[in-house]
Structures are given as C-alpha cells and as structure tokens.
Amino acid sequence: MADDHTTQGFGIYGSRLASLDPTPTLDKLANEGIIFQNCFVNNSICVPSRAAILTGQRAQTNGVIDLEGSLAPENQYLPLEMKKLGYQTAIVGKWHLHDEPAAFDYYKVLPVQGKYFDPDFRVRGDKPWPENLVQTKGHSSDMITDITLDYLKNKRDPNKPFFLMHHFKAPHDDFENAPRYDSYLADTFIPEPESLYDNANNGSIGTRGKNDSLTRIIGSSVSRRNLIRNQAMNIYWNDTTIYKKYREAKDIRPEEYVKWEMNPAEREYTSKVYQDYLKKYLRCVKGVDDNVKRLLDYLEEEGLMENTIIVYTGDQGFMLGEHDYIDKRWMYDESMRMPFFVRYPENIKPGTRTDAIINNTDFAPTLIELAGGKAPDYMQGKSFKTILETGEEPENWQQATYYRYWMHLAHKHQNPAHFGIRTKDYKLIFFYGKYWVDTDDPNATWNKESWGNDFITHTPPAWEFYDLSKDPKEMNNVYKDPAYASVIADLKTQMEQMRENLNETDAKYPHIQKVIDEHWND
C-alpha cells in the first residue's frame, strides 16, 4: 500500500495522466490479475482507512473516526486472524495507528507520518513502545523496501506462509522524492483537468457558500483561491515568504470574502503551481513503482511469485487539481476511489476487470478467506473472493457503498463534514457542516491543541447529487432537478438503511442529527 496513491496516478485507470506512463511496474502487475474500478474508501483520511483495513469494521464500530483514533493490539484483527491460520505476520513502513502494532509477529514502522529522508523506525525492543528506535540513512521508499527485503531474506521462517503488509510513506505530501528522480518529467507538460480553472456547477452552498463567498476558505486549492491553505504554501520549501504561511480563518477580512476570479494572470500562476505539484507527486510515485519492482524481482528469484497473492492499493484517493482541490477527505471520486488490484495466477485470470463495488472494510474478510479461513462475524465487510476467482459479481452483491468524513474544517484543508452514498450510476452527498463534538456546548471537550482546525465554525447544510453515468467528473450538481426526484428519494431510503445496518447513525451525536432532521427533505 502506498499513501495517497490515487487512481489518476496510474496507467491502468485511464486518467489524463495515463499517457505519461507513471507506473509501468504496477500496471504490468495489475494486468496479470484483476483490476477493481469501483473500490472505495469509507473515509478518505489515513488513520480511519487503515483501521478499516485492519478490522473489517466501520468507524463507530472500531472506534476510529478521525486522525486521533488508535487501534489497540487486541483489535488489530487481520494479523490476529491470519496467525490463527498459520501465517507469520509482518508490517513494514507507514503505520499511523498510534498504538503498538503488537498483533504482528514482526514490525518496523515509521513514527506517525515518518520522514521522507533518513527516517527513524519503531521496533520491538527492551524499552516500552514507542521508545525503541532504529535510524536509517536514505529515502523512505528505499528504506522501507530494504527492510521488507531483509525480512523476507533473513527474518521469516521459510517453511511457513507469510502475511506481509508493505506500506510506503510516498506519495504523501510534501512530496519529497529521492534525488535520482529530480529530472523525471522535468521537460514534460502535465495534462491539466478542465475543472482546475472552471468548476462549473460542482458543489453546493455547503462547499461554495452563498454567491460563492465560502470558496475563499473551503477546500485547500492549487490556485490562490483558498486564502487559508493553497498548494504553493506546501511545495515551495525554499521560499520563506510563502512556505507554510497558512492563515487563520478568523483573520480573513470581510472584504476578502468575494467570489474567486480566475483571470489570465491567476491562470498562469495556477498552471505553474499545478505543474510543479504534479511533478513532485509523480516523482514520488516513480520511486514507489521502482521499489515495487525490487520486491517482485526478489519473489521471482526465490520462486515465490506464482504462489504469492499480491495485493496493491492506496489508503485512499487524492485530488490532483480536480475542482481546484488538493489533498483527500472529499467524497468526490478522485478522493474516494482507491486503486485496488490482485495478482494470483493460480486462481485469478490475467487481464480481468470488474466494476463490482467494494470498500476497504471488505479487504480483511477477503484476505482471510484467501488464506483458507472464514471471515469472522464481527467484521462488517464482505469477502469478494468469488469476484477475484470468477470476475463476476455473486447474486445479491452490494450495489452501493456508504461514505462518512467525520472531521470538519481540519488541518487548514477546510473540508466540511459530510456523508453520502455511491452506486455505480449515482452519488448523493449531504454536507451537514459540524464537527462530531458539539462545540456549541460550553461543557464539551475536544483536543483544542490539534493543529490547524476550525472545529467551532459551522458551514451551511446542503445536498449534492451527481448522475455519474452522464457526469463522471461530477461537474453538475442536479439535486434540484425534478427529473431525479424519485432516484434521490430511493437513495435517501437506501442510505438511511445502510446507516442503521452499519452502526453509522448519529444517535450519539444529537447536534448532528438535529441538522439531518431539519434538512433531510430540503
């Protein structure tokens, strides 16, 4: 798994960037197995996604709803279940779940986000977690692969099957590539999304505000549209006049809340930032792709390639300038869709593609069944083993997935809290615009030291609806179109039922439920 490696950053998903051939190794691997075109995250942010993968459970069930969530060793279900099946278990690289990954037989993991260069790793040792540190010298993608190769060569029992989670830090921001990639794409023009310059009818009053006034503070941007955080502040490390010069929402003056205009000068500036952003991102992706080749070469040399199930994914998608957004968190497809493909020649026909809907709670049940076990009842996800083996959806397979972004105006990325449902053809989103703690309650407590958060500000409630069969890039919110009234009503009914079935209601959050009740029939 790579961090924030979105489907646009591959050849196999046919994005505008596919012609750049950013992932030759991963594309070859994917084409030797099955590619999922509708794999979705249930909350597009690192810690909750990783918790869902390890538990097979949704946020309110596993207790990890935001970046501050942790996963105790006894709840690290996937490695525990794999051990019951006779597998030795290991995790290397990005962990980010705060508690010790003690359910694994072997671990060597980055502290929290970790560093791109000369990263430290947390290991088992004489001191209590997390005090046992090992220092390394080099780029994190190379170091993580070195550690995995060392595990495979020297630290596992070759007579027992292994379950290994190899997790890159790249291409997470701030996109620091190994120096050998500095010239990669240097003279290449990176194709740009049309919505970078004109967001048409994407969004709602919940994301744009009345008369587009909130566009100046909602959704971190490539352009200078967002006054609080935009990409130049993240990527121009040597420019002290702009790097990390983020602003506070409370300091934005009333006269600055005016509709953003993409005039020729701003368009030129935005294009430059986009080009620099994408080149940094894709250089990190190139490092991932090359290091995956090192792993595959080892498996080939050792005769393990045909008897190893290889799964590749990212922990969520990522906005690469679409709608003039950066980062993830949004329910828009570029953020919500996960890359996911599996190679296992014995049971998976090469060259298979499926549009079956799966989400990250389905991973653990599937891996357990592939290892010869039975998915435990406490997991909410469903095994898609039969889809892997046949390329076909079984009868009564899920036709929709539920999404919930629990945080609100966090880390200066300024995404309003929202939830929604996605089918193959439609997407319905409700922006309820409040933090999960009732910040209006004078007795409420929350982490007020958490960086870059504007939890106390509420944003307008609003609905968005996209007909993905006609509008795959989500450029036209047709929630108010009477032609879709019956479709929307049906989706609301489905979503209510999913929220109940998945233990994802707002019974514990009455301040949010009040907003839902007041605006459900808007």
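The table below lists the values:
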| quantity | calculated |
| --- | --- |
| Gain in span if fully extended, N201 to A371, counting 0.36 nm per residue against the direct Cα distance | 56.5 nm |
| Heavy atoms of L468 accessible to a 1.4 Å probe, total area in Å² rounded to 10 | 10 Å² |
| Stretchable slack from D355 to R124, in nm (0.36 nm times residue separation minus alpha-carbon distance) | 79.0 nm |
| Listed residues V487, V112 arranged by accessible area, highest first, probe 1.4 Å | V112, V487 |
| 222 nm mean residue ellipticity, helices alone, for the chain (DSSP H n ≥ 4; -39,500 (n - 2.57); rounded to 500) | -7500 deg cm²/dmol |
| Estimated distance in nm for a label pair at D441 and K115, the labels positioned 7 Å out from Cα along Cα-to-Cβ | 4.1 nm |
| Positive minus negative residues near D441 (Lys, Arg vs Asp, Glu; Cβ under 15 Å) | +2 |
| Pairwise centroid distance, computed over Cα atoms, of the range 18-36 with the range 234-292, Å | 28 Å |
| Charge dipole magnitude, Cβ of K and R +1, D and E -1 - the range 120-181, Cα centre, debye nearest 20 | 340 debye |
| Members of K153/K279; K108/K272; K84/K412; K293/K385; K83/K382; K244/K508 lying beyond 31 Å, as alpha-carbon distances in this model show | K153/K279; K108/K272; K84/K412; K244/K508 |
| Of M336, Q399, Y298, farthest towards positive along the dipole that unit charges on Lys, Arg, Asp, Glu beta carbons give the chain | Y298 |
| Unit charges on C-beta of K, R, D, E only; dipole of the range 390-438, Debye | 400 debye |
| Area accessible to solvent at W237, 1.4 Å probe radius, in Å² | 90 Å² |
| Efficiency of FRET between Y236 and D481 - r from beta-carbon atoms, R0 41 angstrom, step 0.05 | 0.45 |
| Probe 1.4 Å, all protein chains present, accessible-area order of T241, T25, largest first | T241, T25 |
| Formal net charge of residues neighbouring A249 (Cβ-Cβ distance under 14 Å; K, R +1; D, E -1) | +2 |
| R0 of 60 Å, Cβ-Cβ distance A507-N347: FRET efficiency to nearest 0.05 | 0.90 |
| Projected label distance in nm at T188 and T390, using a 7 Å step from Cα toward the beta-carbon | 4.0 nm |
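The values are calculated or read from the model by the stated rules, or taken from the named source; none is laboratory data. Small disclaimer: the values here were computed from a predicted structure and weren't measured. Please note: Cβ atoms are built from the backbone with ideal geometry, for glycine as well, and neighbour counts cover all protein chains shown. What goes into the accessible areas is simple: the full protein's heavy atoms, side chains included, and nothing from ligands, DNA or RNA. Shrake-Rupley method; radii C 1.70, N 1.55, O 1.52, S 1.80 Å.
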